[in-house]
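Worksheet: the structure to be examined is printed underneath.
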Amino acid sequence: MRVFIADHGSDVVDYLKQIVEDLGYTAVGCTDNNVFTEILAREAFDLVILDWNIRAADDTSLLEWMNKTLPTRPPVIMMANRSAKRDITDALNAGADDYITKPESRNVIAARVNALLRGNAAGGAFDTEVTYGAYKMNRLEQSVTIHDETVILTAKEFELAEMFFKNTDRTLSRNFIMKTIWRTTATLATRTLDMHISRVWAKLSLRPENGFRIFTVFGYGYRLESH
């Protein structure tokens, strides 16, 4: 399954490509508003993620162009800023299949992408809930349940917690964590990382009695160990 991503921001395109590829799909990105229609006309895609502001013109015309030009128009997810409610309404009325408001967490984006591709894809299933020992994570609600108690995390806290659980017993460098979660390796931002890890540790009670322990690897990063 192939997903085409068109956004004027290269950082946004890279972010979305990583999400799509983590689901097991192929992602093709474009930031040049002068060539993205050429790519759509030349290549076949199973889904298009389109930024409302990819060009200055009224972007409902892009949906109209796709309807008239492409042999079979793939599903379209339109992206718009949270404040642009009128844009979202116009996009849906013009034929967009779904929309994503910026900024949005990777888990919600993955669920939206997979919902439109699930019917045609054999793989890449997005599990709403995943379990790590005593911890049950709900990716859509961004909550974690342990011992019948549900804890609500912020988007970054949830992404950070899931990263550690997926990499249990592996040491993760600060640079890797910052690049993956915050898409930066800036040294000054490490205080933000330390603060978020402290919050995740406290909220989820990551202690040996609950099956996991998180600790600092001096001069390198962090490690979540299973017990």
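The values are calculated or read from the model by the stated rules, or taken from the named source; none is laboratory data. Only a predicted model underlies this, so the values are computations on that prediction, with no experimental measurement involved. As a convention, Cβ positions derive from the backbone with ideal geometry for all residues, glycine included, and neighbour counts pool all protein chains shown. Accessible surface areas use protein heavy atoms only, side chains included; no ligands, DNA or RNA. Shrake-Rupley method; radii C 1.70, N 1.55, O 1.52, S 1.80 Å.
Hey, can you tell me all the residues within the range 127-158 that are under 19 Å from the mean Cα position of the chain (by Cα) and within 16 Å of Arg199 (Cα to Cα)?
Taking the range 127-158 as the starting set, the residues that turn out to be under 19 Å from the mean Cα position of the chain (by Cα) are 127-130, 137-144, 152-158.
Listed by number, the residues that qualify are Gln142, Ser143, Val144, Ile152, Leu153, Thr154, Ala155, Lys156, Glu157, Phe158.
Condition first: open to solvent by 10 Å² or more (accessible area, probe 1.4 Å), over 18 Å from the mean Cα position of the chain (by Cα) and either aliphatic (A, V, I, L, M) or at pLDDT below 75 (or both). Now tell me which residues in the range 72-92 satisfy that.
Ser83, Ala84, Lys85, Arg86, Asp87, Ile88, Thr89, Asp90, Leu92
Go through (1) more than 20 Å from Glu129 (Cα to Cα); (2) touching a strand residue (DSSP E or B) at 6+ places or on another chain (Cβ under 7 Å); (3) surrounded by 12 or more Cβ atoms within 10 Å (Cβ to Cβ) one by one and return the number of the condition Thr192 breaks.
(2)
Go through the range 135-148 and report how many residues are open to solvent by 10 Å² or more (accessible area, probe 1.4 Å) and under 16 Å from Gly211 (Cα atoms).
Selection size over the range 135-148: 5.
Return the only residue of Gly29, Gly24 being of a type outside the set (D, E, K, R), part of a strand (DSSP E or B) and either open to solvent by 10 Å² or more (accessible area, probe 1.4 Å) or modelled with pLDDT under 85 (or both).
Details: Gly24 fails: part of a strand (DSSP E or B).
Checking each option against the conditions leaves just Gly29.
Results for (1) in contact with a strand residue (DSSP E or B) (Cβ under 6 Å, 6 or more places away or on another chain); (2) farther than 16 Å from Thr154 by Cα; (3) at pLDDT below 90, shown as yes or no for each residue.
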position: Thr184; (1), (2), (3): no, yes, yes
position: Arg199; (1), (2), (3): no, no, no
position: Ala202; (1), (2), (3): no, no, no
position: Pro208; (1), (2), (3): no, yes, no
position: Arg223; (1), (2), (3): yes, yes, no
